[in-house]
Amino acid sequence: MSAIEINKESVEELISLITAQEQDELLPVLEKLYPADIAELFDDFNLDQAVYIASLLEPQKKVDVLTELDDDVKLKFLAGYSNEEIANDFFVYIDSDDAADILNAMDTTQSKEILRTINDKEHSKNIASLLKFPENTAGALMAKELIRVKQSWTIKQCTDEIRIQAEDVSKVYTAYVVDEFEELLGWISLKKILLSRENQKVEDIYDSNIISESTYSSGEEVASTMQKYDLVALPIIDAFNRLVGRVTFDDVLDYVKDEAEKDYQMLSGISGGKDTSDTVLSNTRARLPWLIVGLVGGIASSLVIGGFEEELARNLQLALFVPLIMAMAGNVGVQSSSLMVQGLANNSITNSDVWGKLGKELLIALINGLVCSGLLMGYGFVSGSHLDIMMTVGLALLSVILMAAVIGTVVPLALDRLKIDPALATGPFITTSNDLLGLFLYFMIGNAFLG
């Protein structure tokens, strides 16, 4: 908890102090706030106010505030600075992975100019090396800053070198052991270094049992590995087993959060990673395509209903259960597809158990369908509905639930085989397809049983 409670009144008071440039009163307040708190306040500040607040902060705290900002707010905030100021007031203090993320969101010309302007050329080179990796790969997530020690060193050499290297590393968790060719051999804890004799060799005490990922491993693989083995940092190697960087747990948390937001938006029928602060036109573009899919599905459903107009005229009670059939088909389909998408995301589903998963979903759908159909038949008996109508609707409901379970299970798996994001299979796509096929199946069964 910050020492200052952030509410509407405190924000208004801060804005009045900024407007009056009451530096003596602002400094004690800013000292008590964490970078995340100050970043939250930037949502209520205009550009000039945010830049003024940043000018009162210590260099490292100013950079920490920048890294806490949302991606779109970062760019708006940095628009208040020249390329030279961005390079040498911010990027010299920022980890290479965070700097690369910011540059990737900028115009290419501006990114190149900032890289050329950074005084620390080694740091600039590290940042540039991360820009070549595709988005959401281990190479794009990793930072170049880490502690590495040579296998042939003594403990004294290690401690001397760690003091030098640690100046550029914001969070020190462990030291990675490499050979003369920079190939990753293992790791050694800082505690073990402190407790070992100065003349002892690293090769005698390091742990060769180390888990790593390659630069082109997916973000999902990195997150899954770190979760499975409970790691706070994961070393990243290139094709020649050379240590090139590390991914820390905070980077993975940000990645997982971003992916969860994207998947939730896909589930809701929104594309493109949108939020409430985006423009009306931008949000409209993201939502409209899926609404059009729903509209086309609705038109197709109306055509199906129109095709069975005579049957409905003879058995009007069938029309009463159309909303029920559509709702149940959509609900079952979304349930099954959501479980498949979750399983594919955390790698708990493999090619070898696809048929097992499908069989399990069908068994669950059969049990649920029998229960729901039984309840529906009970309702029909109590309400005095015709037995033949309720038998038809009950059988149709069971069939529709089974069909929806198959579609909800198979479509995400098929999209995953085609290298398409399975999240696309959820929401409006599943609901619309199940509505359409469910209605068709319902009327076909009604036509067969009731003539």
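Observations on the structure shown:
- One chain, two ends: ARG314 and GLU22. Fully extended at 0.36 nm per residue, the span grows by 97.0 nm beyond their Cα-Cα distance.
- Here the chain is treated as a Stokes sphere of Kirkwood radius computed over C-alpha pairs; at 10 °C and 1.306 mPa s its diffusion coefficient rounds to 60 µm²/s.
- Two-site FRET efficiency, ASP388 against ALA260, from Cβ-Cβ distance with R₀ of 51 Å, rounded to 0.05: 0.60
- Cα-Cα over 29 Å, subset of LYS32/LYS156; LYS228/LYS419; LYS8/LYS257; LYS201/LYS228: LYS32/LYS156; LYS201/LYS228
- On Cα atoms only, tilt of 155-165 relative to the major axis of the chain in degrees: 70 degrees
- Label point distance in nm, ILE210-TYR229, each placed 7 Å from Cα along Cα→Cβ: 1.0 nm
- Ellipticity estimate at 222 nm from DSSP helix runs (n ≥ 4, -39,500 (n - 2.57)) divided over the chain, nearest 500: -20000 deg cm²/dmol
- When each of the peptides 33-41, 326-334 is scored by how many other beta carbons lie within 10 Å of its residues on average, the order from highest to lowest is 326-334, 33-41.
- Gained length - VAL51 relative to ALA239, 0.36 nm times residue gap less alpha-carbon distance: 63.4 nm
- Each of the peptides 240-246, 367-373 was scored by the mean count of other Cβ atoms within 10 Å over its residues; in descending order, highest first, they stand as 240-246, 367-373.
- Highest to lowest packing among 58-69, 90-101, 203-214, scored as the average C-beta count within 10 Å: 90-101, 58-69, 203-214
- Cα-based helix-to-principal-axis angle, 108-117 vs the chain, degrees rounded to 10: 20 degrees
- Cβ-Cβ distance of GLN151 and ASN104, R₀ of 30 Å, FRET efficiency by 1/(1 + (r/R0)^6): the value works out to about 0.30.
- The distance linking the stretch 1-62 with the stretch 96-113 is 26 Å (Cα centroid to Cα centroid, whole angstrom).
- Cβ-defined net charge surrounding MET403, 14 Å radius [Lys, Arg +1; Asp, Glu -1]: -2
- The ratio of the alpha-carbon radius of gyration of the stretch 280-450 to the globular-protein estimate 2.2 N^0.38 Å is 1.13.
- As a calculated quantity, the FRET efficiency between GLU31 and LYS125 at R0 = 30 Å, using C-beta atoms, amounts to about 0.30.
- Checking the Cα-Cα distances for LYS61/LYS150; LYS132/LYS191; LYS74/LYS171 against a 28 Å cut-off, the pairs over it are LYS61/LYS150; LYS132/LYS191.
- Cα extents for the stretch 148-250 along the principal axes, largest to smallest and rounded to whole angstrom: 42, 26, 24.
- Dipole axis of the chain (+1 Lys, Arg; -1 Asp, Glu on Cβ), positive-most option in LEU362, SER196, THR248: LEU362
We did not get these values from a lab; they are worked out from the coordinates using the rules stated. This structure is a prediction, so every number in the text was calculated from the model and none was measured. Neighbour counts are summed over all protein chains in view; Cβ atoms, including those assigned to glycine, are modelled from backbone coordinates with ideal geometry.
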